[in-house]
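Input: a single structure, listed below in structure tokens.
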Amino acid sequence: MLSHLDQQPLDPFRATYHYSNFGYTAGAVAAAAATKMIWEDLAEKMLFEPAGMTTASYRHADFLSHEDRAHIHHRFAGNRWEAVYDRDPDAEAPAGGASASLNDMLRFTRLQLGQGKLDGKQIVDADALAATHVPQVIPGPPSSPAARAGFYGYGWNVSYDDQGRARIGHSGAFELGTATNITFMPGEDLGIVVLTNGMPIGVAEAIGAAFLDVAENGRVTVDWTGFMGRIFDQMRAAESPKVDYAKRPEIPAPAQKLTRYAGRYANGYYGPLTVSEAGEKLSMTLGPADAPTVFALTHFDGDTFTFDTIGENANGLAGAIFTFGKDGKAASVVLDFYDRTGLGTFVRN
């Protein structure tokens, strides 16, 4: 994955903000390589052990080894919650692969509030830690003159309240069933850690915001659950497909002979794609050779088929749009779910 990141379109360095788990991972891997260690060992040696975070690890296997661990829950239609997934984040461990107990996360927060010192011991250089807590880039300018800018530090969201007090925080979440939030105010020596085993719907953030609201104002002044819930609903809606493939045309244009779509297609970013025809049905195979994923293709309209998206960013049905060449065979196929930055075109070999 890291070897393919250079194909992503880039904006000016350090002048723009983009959220990138694997970009963050690349930085951590580089830091670990400079010490001739792997990231998981480096974090354990430099942070977890000195901070007394005995349960913390960047290895998914260590998380699974705990008999008393959270089982992540995803929300399905009808507000039905089920623990059906296991999210293995090892590939992006530095960005989203840490697991720990609540007590250990509270120790981590005390470290942040203590300028790198915990239990009288300096674990992280105070100046280096302070740099992570100050604005480094503006994720998005204010929407109006009356609006307030939000900032990003090194791995932290940075904001300021009406009295100018710094508020540092970040959420961590898997759509498959985990939502967490850490928020702290260095000037007040106050922070809160919220860990949940349900997919992100704003609950973790609402609990943290309500706690700090009471601390600052003596009472809850906003319906934080409703407020955060609407924000998360809007974010989820923004990620929905541009085409609603659940609504098939009443009179769809017919597909061509299925054998004309079958074949092997190349893509420098995602790797090869194989489209197969069997029993008057199409399917496509994508992913690593040792663990490929097979998707059923269902005719939608003309040379467009649909497939069910999977994984962390799944959002329902997506399109596989074929384009034909002069030889009567499909020359390429665009998977729109994978084409958000223009990298989703697969060309027949």
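The values are calculated or read from the model by the stated rules, or taken from the named source; none is laboratory data. If you're wondering where the values come from, they're calculated on a predicted model, not measured in any experiment. When we count neighbours, we look across all protein chains shown, and the Cβ atoms used for this are built from the backbone with ideal geometry, even at glycine. The area values use the complete protein model at the heavy-atom level, side chains included, leaving out ligands, DNA and RNA. Shrake-Rupley method; radii C 1.70, N 1.55, O 1.52, S 1.80 Å.
Computed values, structure above
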quantity: Burial order of peptide ranges 140-153, 253-266, 13-26, 96-109 (average beta-carbon count within 10 Å, highest first); calculated: 96-109, 253-266, 13-26, 140-153
quantity: Helix-only [θ]222 nm of the chain, DSSP H runs n ≥ 4, -39500 (n - 2.57) each, per residue, nearest 500; calculated: -6500 deg cm²/dmol
quantity: Check: the stretch 280-349 dipole with +1 on Lys, Arg Cβ and -1 on Asp, Glu Cβ, in debye; calculated: 220 debye
quantity: Solvent-accessible heavy-atom area per residue, rounded to whole Å², over the stretch 163-310 at 1.4 Å; calculated: 54 Å²
quantity: Partner aspartates and glutamates for Lys247 [C-alpha distance under 12 Å; skip if fewer than 8 residues away on the same chain]; calculated: Asp301
quantity: Low-density loop cleavage sites - GluC sites (Glu not before Pro) in the stretch 121-206, where at most 11 other Cβ are within 10 Å (DSSP); calculated: none
quantity: Summed residue charge, Cβ within 9 Å of Leu118's Cβ, Lys/Arg positive, Asp/Glu negative; calculated: +3
quantity: Reach of Lys121 by Cα under 17 Å, taken over lysines that are not fewer than 8 positions away in the same chain; calculated: Lys45
quantity: Set of aspartates and glutamates with alpha-carbon distance to Lys329 below 15 Å, sequence-local pairs under 8 removed; calculated: Glu277, Asp303
quantity: From the coordinates shown, Kirkwood radius over Cα pairs in Å corresponds to which of (i) 21.3; (ii) 20.3; (iii) 23.2; calculated: (iii)
quantity: Carbon/sulfur fraction of accessible area - the chain, other protein chains in place, 1.4 Å, %; calculated: 55 percent
quantity: Degrees separating the helix 203-217 axis from the principal Cα axis of the chain, which is the longest one; calculated: 30 degrees
quantity: Over the stretch 111-151, relative contact order from alpha-carbon pairs under 8 Å, at least 6 apart, %; calculated: 25 percent
